[in-house]
Amino acid sequence: MRVLVTGAAGFIGFHVCERLLGRGDRVVGVDHFASSLDVNAGRARLARLLGTRGFLFQPVDITDGPALRELFAHEQPQAVVHLAARVGVRDAGSEPRRYTDTNVTGFLQVLEACREARVAHLVYASSSSVYGAGTPPFREDAAADRPLNLYGATKRANELMAHAASYQQGLPTSGLRFFTVYGPWGRPDMAPLLFLRAMAEGRPLVLHGEGGMRRDFTFVDDVAEAVLRVLDRPPTGAPPHRVLNVGFGRAVALRDFVTLLEQGLGVSARRESRPAQVGEMDATWADTSALERETGFRPQVPVEEGVARLVAWHRALRAG
Ligand code: NAD
């Protein structure tokens with residue numbers, strides 16, 4: 001299969017590309033480093049992909065409609081995994097335009113390009129943030145109309161736009177609501193890697209609200225597996241559209257995640273306490289029954305094992 005992946009140099013994109021290439025698909029990876037939150041992390045991931053047979057990199061900004069459409073027309077992808085986005089909930093208040101440009105206007109360009117190129121299936125990243133002020137565990141049919149930050153609002157907007165494209169144009173679309181993804185080659189701005197690096201280097205780590213916030217930590221290998229399983233099974237309903245949770249299905253307090261890191265690294269964390277942050281959800285975890293029903297798969301890696309694998313990756317990287 002010829003698959004176009006946006007955000008290919010990003011954390012999840014990198015893992016999805018590796019898996020697609022591993023099973024023999026051809027991958028056109030799209031990314032734009034000027035839009036990246038961490039260029040070094042992106043370049044390191046891309047360097048690994050560039051050495052792999054079947055991978056082609058295209059440095060295109062998804063908000064550039066003509067360039068994107070030209071790329072689709074030239075490459076004729078059969079399926080698209082759209083992961084490029086302005087990510088993270090905290091900056092959304094201070095840089096709102098960046099979020100709407102990439103996540104809303106950019107998403108519209110992706111939909112248009114898919115329609116013109118007659119793509120057979122668009123799988124795109126949504127987020128658990130769409131559940132906002134709701135009560136977990138979250139099921140896909142719960143109301144998702146009270147986001148707590150602009151990032152969550154842009155992701156919900158994507159789901160609504162995709163539904164309209166599926167209805168009006170018959171474009172098969174699947175939105176994946178990812179829950180706190182962590183693992184090797186992870187995002188340097190997210191707690192798992194921020195904490196791991198601080199602890200490994202003897203620096204203090206900042207815990208908001210005493211680390212009582214609970215998250216559904218989902219190992220990236222499980223996320224990549226879920227993306228491929230969904231990609232291979234386009235929705236068949238009318239309209240051909242669906243949203244699915246991708247989470248492990250268990251709430252773990254951030255302070256317990258830190259304890260697991262302490263055990264893995266064999267160090268004691270120096271904690272700095274700060275007040276809880278506005279715009280962050282207290283607790284999120286997924287009901288994964290719809291994913292299991294549609295794909296026969298549910299995430300397999302419990303956080304104890306995932307943290308051990310994360311620490312092992314970090315050790316191996318440092319050892320060179
Ligand atoms: P990431 O920041 O590592 O990857 C996003 C990639 O998109 C980056 O490489 C960035 O350079 C690229 N990008 C940004 N703007 C672009 C543009 N205009 N044109 C082309 N490329 C652009 O993030 P990630 O954690 O891999 O997230 C992937 C997707 O999953 C995102 O849509 C994100 O919102 C969603 N998501 C992630 C998580 C998580 O826990 N990591 C949770 C929920 C949802």
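The values are calculated or read from the model by the stated rules, or taken from the named source; none is laboratory data. Since the model is a prediction, treat every value here as computed from it, not as a measurement. We place every Cβ from the backbone using ideal geometry, glycine too, and count neighbours over all the protein chains shown. Protein only, heavy atoms only, side chains kept; ligands, DNA and RNA dropped before computing areas. Shrake-Rupley method; radii C 1.70, N 1.55, O 1.52, S 1.80 Å.
With both residues required to sit in the chain, DSSP beta bridges show an antiparallel share near 5%.
What nm value, rounded to one decimal, do you get for the distance between GLU262 and ARG2 when each label is placed 7 Å out toward the C-beta? In this crude spin-label approximation the distance works out to 5.4 nm. Spin-label pair GLU210-THR135: with each label point 7 Å from Cα along the Cα-Cβ axis, the two points sit 2.4 nm from one another.
Inverting the pair-averaged 1/r between distinct Cα atoms of the range 198-320 gives 16.5 Å as its Kirkwood hydrodynamic radius.
By the Cα gyration tensor, the chain has an equivalent ellipsoid whose semi-axes, rounded to whole angstrom, run 30, 22, 18 from largest to smallest. Between helix 11-22 and the chain there is an angle of about 60 degrees, using the helix long axis and the longest principal axis of the Cα atoms.
Extents of the range 47-98, largest first, come to 40, 28, 18 Å (Cα atoms, principal axes, whole angstrom). The spread of Cα positions in the range 138-230, taken along each principal axis and listed from longest to shortest, comes to 55, 30, 20 Å.
Based on Cα atoms of the range 102-169, Rg over Rh with Rh as the Kirkwood radius reads 1.01.
With the highest mean first, a sort of the peptides 72-82, 170-180 on other beta-carbon atoms found within 10 angstrom per residue produces 170-180, 72-82. Normalising the average separation of contacting C-alpha pairs (under 8 angstrom, six or more residues apart) by the number of residues puts the relative contact order of the chain at 18 percent. Among the protein heavy atoms, those of ASP282 account for about 120 Å² of accessible surface (1.4 Å probe, every chain in place). Taking one quarter of the surface of the C-alpha convex hull of the range 239-310 gives a mean projected area of 7.1 nm².
Farthest toward the positive end of the dipole of the chain, out of CYS114, GLY7, GLY134, is the Cα of GLY7, where the dipole comes from beta carbon charges about the Cα centre. Solvent-accessible surface of the chain, taken per residue with a 1.4 Å probe and all protein chains present: 43 Å². For the range 81-195, the fraction of C-alpha pairs farther apart than 24 angstrom is 28 percent. Modelled spin labels at GLU292 and SER273, positioned 7 Å past Cα toward Cβ, are 3.8 nm from each other.
Relative to the dominant Cα principal axis of the chain, helix 106-116 is inclined by about 30°. Each residue of the range 139-151 was assigned a 3J(HN,Hα) from its phi angle through the Karplus curve 6.51 cos²θ - 1.76 cosθ + 1.60 (θ = phi - 60°); the sequence is 10, 4, 8, 6, 4, 10, 10, 10, x, 9, 7, 5, 4 Hz, with glycine and proline shown as x. For the chain, carbon and sulfur atoms together expose 49% of the accessible surface, with a 1.4 angstrom probe and every protein chain in place.
Above 14 Å, the calculated P(r) of the range 81-134 contains 61 percent of its Cα-Cα pairs. Along each principal axis, taking the top coordinate minus the bottom one, the Cα set of the range 1-156 gives 45, 34, 32 Å in descending order. Treating each Cα of the range 2-58 as one equal point scatterer and applying the Debye formula with no solvent, the log10 of I(q)/I(0) at q = 0.19, 0.31 Å⁻¹ comes out as -0.54, -1.37.
Under 5 Å between amide hydrogens, built in the peptide plane, is the criterion, and for GLY132 it picks out LEU148 among residues at least 5 positions away or on other chains.
Between the helical axis of 191-200 and the longest alpha-carbon principal axis of the chain there is an angle of about 40 degrees. So what's the gap between the Cα centers of the range 15-84 and the range 303-320, to the nearest angstrom? If we compute the Cα centre of each part, the gap is 26 Å.
For LEU207, the residues whose modelled amide H falls within less than 5 Å of its own, excluding neighbours fewer than 5 places apart on the same chain, are GLU272, SER273, ARG274.
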